[in-house]
Amino acid sequence: MACNFPMVSLPCVRKVIPAGHEPLTLNTNLNFRSTSFTKKPNSHVVQEKTPTPGKFGSFGGKFVPEILIAPLEKLEAEFNSILEDHEFKAELAAALRDYVGRETPLYHAHNLTDHYKNINGEGPEIYLKREDLGHGGSYKMSNVIAQALLAKRMGQKSVITATSAGNHGVAAAAVCAKYSLDCTIFIGTRDIQRNPSSVQRMKLLGAQVKAVDGNFQAAVSESTRSWIENLETVYYIAGTAVGPHPIPTMVREFYSVIGKETRKQAMEKWGGVPDVLLACVGTGCNALGLFHEFIGDESVRMIGIEGGGVGSNTRDLHSASLVRGEVGVYHGAMCYLLQDGDGQIIRTESVASGLEFPGVSPELSFLKDSGRLECYTVTDQEALDGYKRLCHLEGIIPALETSHAFAYLEKLCPTLTHGAKVVVNCSGTGYNDVCSPQNKILSLSKNSLDAEGNGMGKRMDIGRPICCRGYKRLCHLEGIIHALETSHAFAYLEKLCPTLTHGAKVVVNCSGTGYNDLTRWYRRMVAAYFHIYTDAYKVQHITRINIQSLCKKIKVILHVKQYVTAIPRKGMGWEKGWI
């Protein structure tokens, strides 16, 4: 059994701990039964006849050092109190509605439905739970904003977290900007290379980003160590349903709004529940968000899709903890995980960085063992094909993680009856993945892109930044990255607001997101401080230079092995803190 928790020294053995020797865990209101599933009156939660507190069957628990017991007890007490706090629930509901953009649509994918009809015109009806339309472009915001409110309730002013694909990190940075919390985000160097634009967004939103050598696994370990060193002053925002009790329960509860909305929308659209729920599984939180509401509905199939990596014929190059893993203890909880013959964690591999994690939710582990959850894998190539298929048929760019679920429709749909209702959790947008240097998604014409791969050509405006203060102000104060065009309206508030009466209502049309403007904005900021003596071709390579290094050096060697001479240019915003 692999035992991997920061600063914890536990013996690693290959046998599962007997029930009588399980560590003492705290009580929760969530009870499960591992053999048969029935509905409670007016509820859809599964119960266990003789529940073990804080456990999902034999999974879960609290395998942590003594120093963490008290903080986790305090966290559980606060979590249990907010479940009955009407004021907190009202504040969270308002934030989810007005800031996050819930509820998200349940979209009938007509073209995708037609694509999977047989020669007789029969096939399932496919619906997408559009979590990609929420603020930040993924489902992550719903959990993060709830935990940020919990952190403020506990009197914490600083938070720490870890991210992989970057969606959780962007969500944490945005919410911390909204609630004036200091934010430190750990991310693996491998994920930085995959998602550089996400790192730019986190920094623009005011977060401190710390790189950790490795991937998400290393980032989680390092962030946990940092939290242990600052237990009294820092709140840890868990982005996954993995870890010691009560973290898996708490994270799942905050994500369960996805399934609750799906039940309501399904009743409105066809007057029943879905026949099949489909979601990708990395650590399992997006799947749990959709599945949990329907655990007690025996007629609803729940299918989780893991990253099969480069192919089923390879033993190690995958991220399939549920399908190919074994039971062990990882990051403080018993779950399915990927380990070698000596009980050591093995390297994971997937085209989607969000699926690269050796462990999985203890609740999903229990659901798999009980037979309630079906688990399958999809290879990298199948996921890329699913990515392009949804783009071409529905005009929706999904995250690479989500693409694994869409890819499995190829195998699932031919087995379903005509008219069966399938709901796929479209858990995030794939805009970041399009330009990721690690993916192989699109066979674009090289003539349509320049050497940078961004279609900007050789011309670059190096004039004064337009509305830079307006752009950064909304990012830092509200956690919203808006378009440069929209920045003009926000910048004018500087002149408008002093002329208005107290209480006057001002509505600003936030007409677009600014994710695509980030690279352009950073270029403008550098160009404002440096008068660059070079031709336009050399200037376009400036985005490859670390901005801080550029500001410290007068001469910079570009990746093209050429020199650029630069001199400070006063009066362009440096002294005002624009950069």
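Quick notes on this structure:
- Taken across segment 104-114, residues that are modelled with pLDDT under 95, exposed (fewer than 13 other Cβ atoms within 10 Å of the Cβ) and over 27 Å from the mean Cα position of the chain (by Cα) do not occur at all.
- For segment 182-217, a residue qualifies if it is open to solvent by less than 30 Å² (accessible area, probe 1.4 Å), more than 15 Å from the chain's Cα centre (by Cα) and aliphatic (A, V, I, L, M), and the qualifying residues are L204, L205, A207, V212.
- Residues located in segment 374-405, provided they are more than 20 Å from D275 (Cβ to Cβ) and of a type in the set (D, E): D380, E382, D385, E394, E401
- Of all the listed residues (A352, A405, A399), the sole one being out of contact with any Pro (no Cβ under 8 Å at 6 or more places or on another chain) and more than 22 Å from P248 (Cβ to Cβ) is A399.
- From the options A148, A171, residue that is under 23 Å from A218 (Cα atoms), open to solvent by less than 20 Å² (accessible area, probe 1.4 Å) and outside any strand (DSSP E or B): A171
- The one condition in (1) more than 30 Å from P71 (Cβ to Cβ); (2) at pLDDT below 95; (3) open to solvent by less than 10 Å² (accessible area, probe 1.4 Å) that V300 fails to fulfil: (2)
Every residue, every condition in (1) over 21 Å from the mean Cα position of the chain (by Cα); (2) more than 26 Å from I192 (Cα to Cα); (3) without any contact (Cβ under 8 Å) to a residue 24 or more places away in the chain, yes or no:
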residue	(1), (2), (3)
L322	no, yes, no
G325	yes, yes, no
G328	yes, yes, no
D340	yes, yes, yes
L355	no, no, no
E394	yes, yes, no
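- Selected residue (only one of G359, G371, G341 is at pLDDT below 90 and open to solvent by 20 Å² or more (accessible area, probe 1.4 Å)): G341
- Flag for E293 being in a loop (DSSP other than H, G, I, E, B), acidic (D, E) and open to solvent by 10 Å² or more (accessible area, probe 1.4 Å): no
- For Q156, the requirement of being outside any helix (DSSP H, G or I), of a type outside the set (K, R), out of contact with any helix residue (DSSP H, G or I) (no Cβ under 6 Å at 6 or more places or on another chain) and touching a residue at least 40 places away in the same chain (Cβ under 8 Å) is met.
The values are calculated or read from the model by the stated rules, or taken from the named source; none is laboratory data. Keep in mind the model is a prediction, meaning the values are calculated, not measured. No Cβ is skipped: glycine too gets one built from the backbone with ideal geometry, and neighbour counts run over all protein chains shown. Surface accessibility is based on the protein's heavy atoms, side chains included, excluding ligands, DNA and RNA. Shrake-Rupley method; radii C 1.70, N 1.55, O 1.52, S 1.80 Å.
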